[in-house]
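Please read the structure below before turning to the comments.
The values are calculated or read from the model by the stated rules, or taken from the named source; none is laboratory data. Please read all numbers here as calculations on a predicted model, not as lab measurements. Because the Cβ atoms are built from the backbone with ideal geometry, glycine has one as well, and the counts that use them run over all protein chains shown.
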Amino acid sequence: MTAAENSARDSFVLLQVGERRFALPADKVAELAPPVRLHTFPHSSALVAGVIVRRGRIVPVYDVAPALLGSESPAHRFYLIAQREFGAAVEPSALPVNGECELATAEMQPPEAGRPAYVAGTLAVGGESVDVLNFEALVAATPQAAESNSSSRDEARP
Amino acid sequence: MKIASQETGKSRRARRSETIILFSVAHQTFAISAESVQEIRSTDSLAGSATEIEHPAIGKVRHTLERAHRIYYIVNACAHFSLPVTRPTLVLILRQLRVAVLVDKIERMAEISAVHALPRAFDGEERRWYRGLAYVDDHVIPVIQPAGFLTHEEFQLLDRATLAADSQREMEGAVQA
């Protein structure tokens, strides 16, 4: 493995959702977009809040706060654009974040037993344990299941 | 390079604009191809010509309209899109489908050069409701799929309910006579 590949494997983008920090593998993240208008229309897809227009493309916005925090989406300032895979196709997808994003290099540890499927592992960053998100599993989770996961996680922690 | 530039020019010329009607339902704006709409009438003009119909599984259809010996089912767009109920003032009578749609108001007509595919993130009923999304004056607006208002099975159920209601009316008429 080359140094570049090794670096890519261990690079993560730390993002802030509400009061908590999470991480996404850096190779899944395209950019941090400024706050733009959220367009909404009737639909029945879980977790999808609407769409934004970014670089001429229509990008779906996932409101993941209920899944991650078990509460409504807090005020956000930016959109983190990540790539979601649909089979062979890749679609840019936006996650509302508070804007406190930074790049971190660390070794991911496997998740503790019983953690939700959307937690791919944990990082030790500055004395804090940060959950690394499996984006596919996170957005595929129904809000009810995610909330249940969030509750069970909170109960499991002291 | 020269060939590529000619192809780009061709594709630009091939891009066809489409006229759409922007209408609103419960403060939400939708677009529908003007070619899909045969006629727009006020709901007041339907008084007397609309017939009540009821099917427990299809609450969004409460009336039918007969035009040119064909029964059109009147779909309440609020119910179809699960929006808060409003008082519709207009009915869009669709072309090539036996469907009329109750809406609140027509906003305007516009020309669009493209309908963008609905992102794959949308995996619910909206994939049947919409052809895609249009970008009109800095707004992203869903473009209606006319065939999405009623499924083939819903047409069959409504046709049977209509026949049953007609038979009932004929029997009641015979008893009164």
What's the number of the condition A:HIS76 fails, among (1) away from chain B (no Cβ under 13 Å); (2) in a strand (DSSP E or B)?
-> (2)
Within region A:55-85, which residues are among the hydroxyl-bearing types (Ser, Thr, Tyr) and under 19 Å from A:PRO116 (Cα atoms)?
-> A:TYR62, A:SER71
Please determine, by comparing only the residues of region B:111-124 that are within 14 Å of chain A (Cβ to nearest Cβ) and in contact (Cβ under 8 Å) with a residue 40 or more places away in the chain, which one is surrounded by the fewest Cβ atoms within 10 Å (Cβ to Cβ).
-> B:SER113
Members of region B:12-60 found to be part of a strand (DSSP E or B) and more than 19 Å from B:LYS105 (Cα to Cα), listed by number = B:GLU18, B:ALA50, B:THR51, B:GLU52
Select from region A:86-111 the residues that are free of Cβ contacts under 8 Å to residues at least 24 places away in the same chain and closer than 22 Å to A:LEU123 by Cβ and write down the one among them that is surrounded by the most Cβ atoms within 10 Å (Cβ to Cβ).
-> A:PRO111
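Residues checked against (1) in contact with a helix residue (DSSP H, G or I) (Cβ under 6 Å, 6 or more places away or on another chain); (2) surrounded by fewer than 20 Cβ atoms within 10 Å (Cβ to Cβ); (3) at pLDDT 85 or above; (4) within 26 Å of B:SER24 (Cβ to Cβ):
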residue: A:ALA4; (1), (2), (3), (4): no, yes, no, no
residue: A:ALA33; (1), (2), (3), (4): no, yes, yes, no
residue: A:ARG55; (1), (2), (3), (4): no, yes, yes, no
residue: A:VAL59; (1), (2), (3), (4): no, no, yes, yes
Hey, A:ASP10 among the charged types (D, E, K, R) and without any contact (Cβ under 8 Å) to a residue 24 or more places away in the chain or not = no
Identity of the residue in region B:126-177, hydroxyl-bearing (Ser, Thr, Tyr) and not in a helix (DSSP H, G or I), that ends up nearest to the chain's Cα centre (by Cα) | B:TYR130
Which members of region B:23-60 meet the condition of being surrounded by fewer than 12 Cβ atoms within 10 Å (Cβ to Cβ), touching a Leu at 6+ places or on another chain (Cβ under 7 Å) and of a type in the set (S, T, N, Q)?
-> B:SER42
List the number of the failed condition for B:ARG108; all other conditions in (1) outside any loop (DSSP other than H, G, I, E, B); (2) exposed (fewer than 15 other Cβ atoms within 10 Å of the Cβ); (3) within 14 Å of chain A (Cβ to nearest Cβ) hold.
-> (3)
Check region A:53-71 and report whether any residue there is assigned to a loop (DSSP other than H, G, I, E, B), over 27 Å from B:GLY124 (Cα atoms), in contact (Cβ under 8 Å) with a residue 40 or more places away in the chain and not hydrophobic (A, V, I, L, M, F, W, C).
-> no
Scope region B:61-95; condition aliphatic (A, V, I, L, M), more than 22 Å from B:MET109 (Cβ to Cβ) and surrounded by 12 or more Cβ atoms within 10 Å (Cβ to Cβ); matching residues | B:VAL61, B:LEU65, B:ILE71, B:ILE74, B:ALA79, B:LEU83
Give the residue that is farthest from the other protein chains (Cβ to nearest Cβ), with candidates limited to residues of region B:125-140 that are crowded, with 19+ Cβ neighbours inside 10 Å and either within 13 Å of A:PRO60 (Cα to Cα) or basic (Lys, Arg) (or both).
-> B:ARG131
Among the residues of region B:150-173, is any under 18 Å from A:HIS39 (Cβ atoms) and either at the interface with chain A (Cβ under 10 Å from one of its Cβ atoms) or not aromatic (Phe, Trp, Tyr) (or both)?
-> no
Residue within region B:57-72 that is of a type in the set (D, E, K, R) and touching a residue at least 60 places away in the same chain (Cβ under 8 Å) present | no
Residues that are part of a loop (DSSP other than H, G, I, E, B) and away from every other protein chain (no Cβ under 13 Å), drawn from region A:79-89 | none
Of those in region A:33-49 that are more than 8 Å from chain B (Cβ to nearest Cβ) and outside any loop (DSSP other than H, G, I, E, B), the residue farthest from B:PHE149 (Cα to Cα) is A:ALA33
